[in-house]
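Taking it in order: structure first as structure tokens, then the write-up.
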Amino acid sequence: MKKVDHIGIAVRSLKETLPFYENILGFTCTAIENVPSEHVNVAFLDASNVRIELLEATSSNSSIAKFIEKRGEGIHHLALKVDSIEKRISDLKKNGIQMLNDVPKEGAAGAMIAFIHPKSTHGVLYEICEKKPLKENDSD
């Protein structure tokens, strides 16, 4: 794993939640995106040393809607950046780690993502993500 890429936070409403993050905490919303594969709208927040993704369900079938129904709003997952997601999934499975996604799928900002089952991680939902290659001037 290269680094923590972002923290995913489940919220009922981006419209109601964003003012707290922007006006009270002082974070900057850099973009809002609809991710059909996950049935969510995602607000990307720059929190200086880490990115926060606020996740709003667009369907009752969304894992975010189910999460909020069961647990309420709050931290949903911790995302870790990887170089080769297919290799990382294979390595994790070889080490007995249970995956929620055996094959990567497209997530927000064009990243390829897969989730590790919390049963294998002491109750924490981890996402591994492989980002598109960055421009030469980018440092991530």
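Each row is one residue, and each column tells you yes or no for (1) among the β-branched types (Val, Ile, Thr); (2) under 21 Å from residue 128 (Cβ atoms).
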{"site": "25", "(1), (2)": "no, no"}
{"site": "36", "(1), (2)": "no, yes"}
{"site": "40", "(1), (2)": "yes, yes"}
{"site": "43", "(1), (2)": "no, no"}
{"site": "60", "(1), (2)": "no, no"}
{"site": "73", "(1), (2)": "no, no"}
{"site": "87", "(1), (2)": "no, yes"}
**Study point:** Residue in region 90-102 that is at pLDDT 95 or above, within 13 Å of the chain's Cα centre (by Cα) and on the phi < 0 side of the Ramachandran plot present
**Key:** no
Practice item. May I ask you to say which residue of 48, 90, 60 is free of Cβ contacts under 8 Å to residues at least 60 places away in the same chain, small (Gly, Ala, Ser), more than 21 Å from residue 21 (Cα to Cα) and in a loop (DSSP other than H, G, I, E, B)? Key: 60
Study note, to complete from the structure: Screening 67, 115 for residues that are at pLDDT 95 or above and in a strand (DSSP E or B) leaves only 115
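Yes or no, residue by residue, for (1) of a type in the set (Lys, Arg); (2) farther than 17 Å from residue 1 by Cα:
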position: 64; (1), (2): no, yes
position: 81; (1), (2): yes, no
position: 88; (1), (2): yes, no
position: 92; (1), (2): no, no
position: 104; (1), (2): no, no
position: 108; (1), (2): no, yes
position: 111; (1), (2): no, no
position: 121; (1), (2): no, no
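The values are calculated or read from the model by the stated rules, or taken from the named source; none is laboratory data. On a predicted model such as this, the values are computed, not experimentally measured, just so you know. Virtual Cβ from ideal backbone geometry, glycine too; neighbours counted across all protein chains shown.
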